[in-house]
């Protein structure tokens, strides 16, 4: 948070505490709903929240409400009178209402629906039916649409009349009588056209659409590729059922990146910001993978124990143990570099199914090149540095470097194949590939090391 | 890529090869510039590119050009006549021109500037002076502005006259005579207002702005927090110098997430999509950290060698070796969970300077909880499973579990402190914390293990 905002928060708190409500309102009118929501979350006691919320200027109330975290939303709703709840819900866009409802317990949901208009209730219920990660779940039904035979002037009149309650007015949709989407027209096109021109003549007929069940991540990618402000969502019959606006796409992009990063780090993803997560929920998110990885390390212990007796009879067998962490660590890092790169490339659409062979070949060459370089440097290090504190023969140095080379190549291939296989099996590459990869690479490089060492030395 | 687009690409290629240029143009008019650019990159030979580009409908040419990757852009510019270059450059938005120029060699830059209008040349030169990661570097100077005394009607006239060449018309800016930014007004507000209303009466005076030198990542965060379509950029005197539009913010958000993911995986970040990166550049991006991590693993070898002689005299000393990979692996994973979580929380603005103490305390509690759980499970596993293939005494199991507990707590604290320290030292948390963390955690957990084992057993 910047200094400036911090000063505003202090003023706000001062006005609130000293009951200078007129000053408070003037200050609030100059603030962004997002910042007011953060103020409520971070600076107020639970019992102050409702009191503060009631002081918000009417036109800000629902905008602020939408930005508040769900626990406080729930408390507020429970404390609202029916009239207050109705006012807040009425002013919200339907996609925001749906987002809030999805976080609430059943009795609160009932109250929200009871205090919505019949028309809105119907739309909310239909939006609630879309699966969690679908385009349908992030769309709103509040868009502007015309028929193709409307003139620009009439279209502007319609916008003036209904625009206030639409999530965006800048992209308008042209539909036929059966609500089939037949074109889009922007306010820019309309402003630049003659007022008697027909919408049919200035609309763009080739429209990129999303389907209701499309993955919301794919929808967000369309925004980043095509630079849209809004994208129409159509059902199987090509009828317009809603729109997704760019602000929701931005949220999806941020959330999905965070989720992928969490999954790659073996953490169960959470949509809540870090500071809002309880210690218990952080524990729950981190424990499963950590336990699984710890238990799967049984394999490495098994292998080491198995080879131990044999390694004892090998020249310098004990010395070789000292390089196990280096070998496993480097192989793990090498594999991780590849898997993370591929996972991200798949996520942002840079790599597609048809590229699989290209990717594998590319990674093979990179692996050979990287493996060779690292192995050569390692050989030099073994002969020049490690010999200072350990009895390392030329033969041992060769074995260690050769195994390092082989481990890196193996690790990079595993790191490249796992996410691709996951994608083919319709599993989440980020989950399957990254944490599992380490275990697989650890085991393989250990077996490689022990067996080669025993065979050669 | 979806099936549909694939079919379009095949048609496109067929029309191009069989010289059905009229059909080709009709098809192109229905396509998105982004998709046409991908077609040129993936399906055409180098010598076909110019020929194909010349077939593009005039109104699409510069939109497509902007989306093409820079190597092909360079080839095209070199092959363009002066007239062609002028037409393409004239139709581009200035921020896109600047992006392209930044990737080009000096002689190509000269040609581009020579073929720009004097006014544009001046603006391009001033945009080029902003540092690479600043708001200035992603802004454009093509915005709509009025004085406060303009009426809505006159404002619309101005938009009609100049709007075609503006990057956005939906958010307009109100400035005084000295170009100080005094308000914003949206086309929506203007449409809903009376045509004789003064802009002064409907404009929003409290404006969130970015400063020219502000980090572009911070600017992108403002978009995701405040749901803007455009953000004004002001200089130190508060004069409006440009705007950043939401499509550029989306690109920044995607790029920064990819960069952070690459850095966390010990890869030098690259802006190029995976398939466009050469094998050599992938090698260059992955080698430095891999080498550094390999060499820094010398410490673990050193420690293991040092304790080896002592461990030999300990009961079951050889058996203890078998658990080194499990201990180091689990500690590494535990630390990674924390560091990645904190790095991302800092990046998306969820964690700020003033939260440092809260974060450390929280991580300490989570670490104790997670460490305890994992250690207990590990103890059970040692006594029930590992005893089947190894001679494990109760004392040994206690030592291994206790060290595991201590390692996890230590790893999580390191994983939490490193990114915070990096941020305080104005270093990049993603670079400093993640790859370094593993080495630090490895070394510390090994020392812990060896010294405790020798002391107790």
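Read-outs throughout are calculated quantities, based only on the coordinates presented, and are distinct from any laboratory measurement. The model shown is predicted, which means the values in this text are computed figures rather than measured ones. Here the Cβ is made from the backbone with ideal geometry for all residues, glycine too, and neighbour counts use every protein chain on show.
With a Förster radius of 25 Å applied to the beta-carbon distance between residue A:364 and residue A:427, the computed FRET efficiency rounds to 0.60.
What is the range B:277-456 by shape, rounded, prolate or oblate, if you read a ≥ b ≥ c off the alpha carbon gyration tensor as root eigenvalues and call it rounded for a/c under 1.5, prolate for a/b larger than b/c, and oblate otherwise? Intermediate results must be reported in sequence, preceding the final value.
Working: a/c = 2.34, a/b = 1.48, b/c = 1.58.
Taking the square roots of the gyration eigenvalues as a ≥ b ≥ c, the range B:277-456 is oblate.
Which value at 222 nm does the protein assembly as shown reach when only helices count, each DSSP H run of 4 or more adding -39,500 (n - 2.57), with the total divided by all residues and rounded to the nearest 500 deg cm²/dmol? Please list the in-between numbers first.
Numbers: 46 runs with 620 residues, N = 914.
After summing the helix terms and dividing by the residues of the protein assembly as shown, the value is -21500 deg cm²/dmol.
Once C-alpha pairs closer than 8 Å and six or more residues apart are averaged by separation and normalised to the residue number of chain B, the relative contact order reads 11 percent.
Shape descriptor for the range B:3-129: Rg over Rh equals 0.99 (Cα atoms; Rh from the Kirkwood inverse mean 1/r). Residue A:129 label point (Cα plus 7 Å toward Cβ) to equivalent points in the other copies: 6.1 nm, shortest first.
Restricting the calculation to Cα atoms, the range B:194-298 yields a radius of gyration followed by a Dmax of 20.8, 77 Å.
Peptide packing for B:417-424, A:422-429, A:244-251 was compared via the average number of neighbouring C-beta atoms within 10 Å per residue; ordered from the highest value, the list is A:244-251, B:417-424, A:422-429.
Mean sequence separation of contacting Cα pairs (under 8 Å, at least six apart), scaled by the length of the range A:145-253, corresponds to a relative contact order of 25 percent.
Under the definition of partner shielding as Cβ atoms of other protein chains within 10 Å of a residue Cβ, what is the mean value for peptide A:296-308?
On the way: counts 2, 10, 8, 2, 7, 15, 6, 2, 9, 9, 3, 1, 5.
Partner-chain Cβ atoms within 10 Å, mean over residues of A:296-308: 6.
Inter-chain Cβ neighbour count for B:150-159, averaged per residue, equals 1 (cutoff 10 Å, partner chain atoms only). Convex hull volume per residue, computed on the Cα atoms of the range B:240-330, equals 181 Å³.
Across identical copies of the chain, residue B:352 has label-point separations of 4.4 nm, listed in ascending order, with the point defined 7 angstrom from Cα along Cα→Cβ. Distance distribution note for chain A: the fraction of Cα pairs above 42 angstrom is 39%. For the range B:277-456, relative contact order (Cα pairs under 8 Å, six or more residues apart, normalised by length) works out to 36 percent.
Could you tell me the calculated FRET efficiency between residue A:132 and residue B:213, based on Cβ-Cβ distance and R0 = 35 angstrom, to the nearest 0.05? Don't skip to the end; give the middle numbers.
Working: r = 41 Å, r/R0 = 1.17.
Efficiency at R0 = 35 Å is approximately 0.30.
Ranked by the mean number of other Cβ atoms within 10 Å of their residues, highest first, the peptides A:253-259, B:408-414, B:356-362 come out as B:408-414, A:253-259, B:356-362. Express in % the proportion of alpha carbon pairs of the range B:57-147 at distances exceeding 21 Å. When all Cα pairs of the range B:57-147 are counted, 27 percent exceed 21 Å.
For the listed peptides B:135-143, A:278-286, A:15-23, A:212-220, a ranking on the average number of other beta carbons within 10 Å per residue, highest first, reads B:135-143, A:212-220, A:278-286, A:15-23. Entry for the range A:145-253 at q = 0.11, 0.12 Å⁻¹: log10 I(q)/I(0) = -0.34, -0.40, Debye formula applied to identical alpha-carbon scatterers, no solvent contribution.
The rotation axis taking chain B to chain A passes closest to this chain B residue's Cβ, listed with the gap in Å: B:257, 2.
Label-to-label distance, residue A:90 versus residue A:6, with points set 7 angstrom from Cα along the beta-carbon direction: 4.1 nm.
Relative to the longest principal axis of the Cα atoms of chain A, the long axis of helix A:298-312 makes an angle of roughly 10 degrees. The Rg/Rh ratio of the range B:400-457, with Rg taken over Cα atoms and Rh as the Kirkwood radius over Cα pairs, comes to 1.11. Sorted from closest to farthest, the other copies place their residue B:48 label points 6.8 nm away, with each point set 7 Å from Cα along Cα→Cβ.
With Cα atoms as the point set, the protein assembly as shown shows a radius of gyration and Dmax of 30.6, 97 Å. Axis of helix B:246-264 versus longest Cα principal axis of chain B: the two differ by about 20°, to the nearest ten degrees.
Projecting label points 7 angstrom from Cα along Cα→Cβ for residue A:14 and residue A:239 puts them 5.8 nm apart.
Can you pull the mean other chain C-beta count within 10 Å for peptide B:355-367? Display every interim value, and only then the final one.
Values: counts 4, 0, 0, 2, 2, 0, 1, 6, 2, 1, 4, 10, 4.
Average per residue, whole number: 3.
Compared with the dominant principal axis of the Cα atoms in chain B, helix B:216-226 is inclined by about 80°. The label point for residue B:154 and the one for residue A:180, both projected 7 Å from the Cα toward the Cβ, are 4.8 nm apart.
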